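**Q** Please see the structure below; I have some questions.
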Amino acid sequence: MPTSATETETRPSARKALPMMEEKTAVSSLIALAQTMRLRIFRTLVGAGPQGLTPGALSATLGVPASTLSFHLKELLYSGLVSQERDGRNLIYRPSLEQMNGLLSYLTAHCCQGSNDNCDVASPPDCSSC
């Protein structure tokens, strides 16, 4: 079992080894996603993939006022689930697929005490690139 964030935990069904997420980071990510609008925003960004979306596109897609969207994007940025990049006059928000995969791995790492026998938890797909 890893004792630090620098060690890597692998699961037999995993496609590649991910650094084991710290508990504090997992809690921060789960807190961010535990709000309906932030979960909708994150899922929309994951659907958009690595190219991301502008706040205008997100607002139009979700039917959310810009001020509400801005508040929730700030929380997702703080949790590390979303990144922001300036492209000229536009901001582009992208899902942190590495953080998402790390959270999924953290949540399933100790399923069935590491045994694949009779374990009904499916391995999440590798969403490192779309």
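**Q** On a full-extension model of 0.36 nm per residue, what is the gain between Gln51 and Tyr78, subtracting their alpha-carbon distance, rounded to one decimal in nm?
**A** Numbers: separation 27, 0.36 × 27 = 9.72 nm, distance 2.00 nm.
The span from Gln51 to Tyr78 would gain 7.7 nm if fully extended.
**Q** Output ³J(HN,Hα) for region 43-59: one whole-Hz value per residue in order, computed from phi by the Karplus curve 6.51 cos²θ - 1.76 cosθ + 1.60 with θ = phi - 60°, and x for Gly and Pro.
**A** Per residue, the Karplus-derived 3J(HN,Hα) values read 5, 5, 5, 4, x, 6, x, x, 6, x, 9, 7, x, x, 5, 4, 4 Hz.
**Q** How big is the charge dipole of region 19-107 about its Cα centre, in debye rounded to the nearest 20, if each Lys and Arg gets +1 on its Cβ and each Asp and Glu gets -1 on its Cβ? Please report the intermediate quantities before stating the final value.
**A** Details: 8 positive and 6 negative charges, 55 e Å.
The dipole of region 19-107 has a size of about 260 debye.
**Q** Could I ask something else about it? Please give the net charge around His72, taking every other residue with its beta carbon less than 14 angstrom from that of His72, where Lys and Arg add +1 and Asp and Glu add -1. All intermediate terms of the calculation are to be shown ahead of the outcome.
**A** Numbers: positive: Arg38, Arg40, Arg43, Lys74; negative: Glu75.
With Lys, Arg at +1 and Asp, Glu at -1, the net is +3.
**Q** Please compute the net charge surrounding Ala57, taking Lys and Arg as +1 and Asp and Glu as -1 over other residues with Cβ under 15 Å from its Cβ.
**A** Values: positive: Arg40, Arg43, Arg89, Arg94; negative: Glu85, Asp87.
For residues surrounding Ala57, the net value is +2.
**Q** At q = 0.11, 0.12, 0.15, 0.16 Å⁻¹, what is the base-10 log of I(q)/I(0) for region 19-107 according to the Debye formula with one equal point scatterer per Cα and no solvent? Please give it to two decimals.
**A** The Cα Debye sum returns log10 ratios of -0.28, -0.33, -0.51, -0.58.
**Q** Right, here's the next one. So how do Asp120, Asp87 line up by other beta-carbon neighbours within 10 Å, fewest first? Could you put the intermediate results ahead of the total?
**A** Working: Asp120 6, Asp87 9.
So the ranking, lowest neighbour count to highest, is Asp120, Asp87.
**Q** Let me ask something else about it. So what J values fall out for region 71-82 if you push phi through Karplus, 6.51 cos²θ - 1.76 cosθ + 1.60 with θ = phi - 60°, rounded to Hz, Gly and Pro as x?
**A** 4, 6, 5, 4, 5, 5, 4, 4, 6, x, 7, 9
**Q** Next question, about the same structure. Step through the residues of region 24-38 one at a time and calculate ³J(HN,Hα) from phi using the Karplus curve (6.51 cos²θ - 1.76 cosθ + 1.60, θ = phi - 60°), rounding each to whole Hz and writing x for Gly and Pro.
**A** Those phi angles translate into 4, 5, 4, 4, 4, 5, 5, 4, 4, 7, 7, 10, 3, 5, 5 Hz.
**Q** Do any trypsin sites (Lys or Arg not before Pro) in region 14-82 lie in a loop, going by DSSP, with at most 10 other beta-carbon atoms within 10 Å of their beta carbon, and if so which? All intermediate terms of the calculation are to be shown ahead of the outcome.
**A** Details: sites: Arg15, Lys16, Lys24, Arg38, Arg40, Arg43, Lys74; in loops: Arg15, Lys16.
Here the trypsin sites (Lys or Arg not before Pro) that fit, given the DSSP loop and packing criteria, are Lys16.
Values quoted throughout were computed directly from the atomic coordinates according to the rules given, and no laboratory measurement underlies them. Just so you know, these numbers come straight off a predicted model, no measurement behind them. Heads up, the Cβs are rebuilt from the backbone with ideal geometry, glycines too, and the neighbour counts pull from every protein chain shown.
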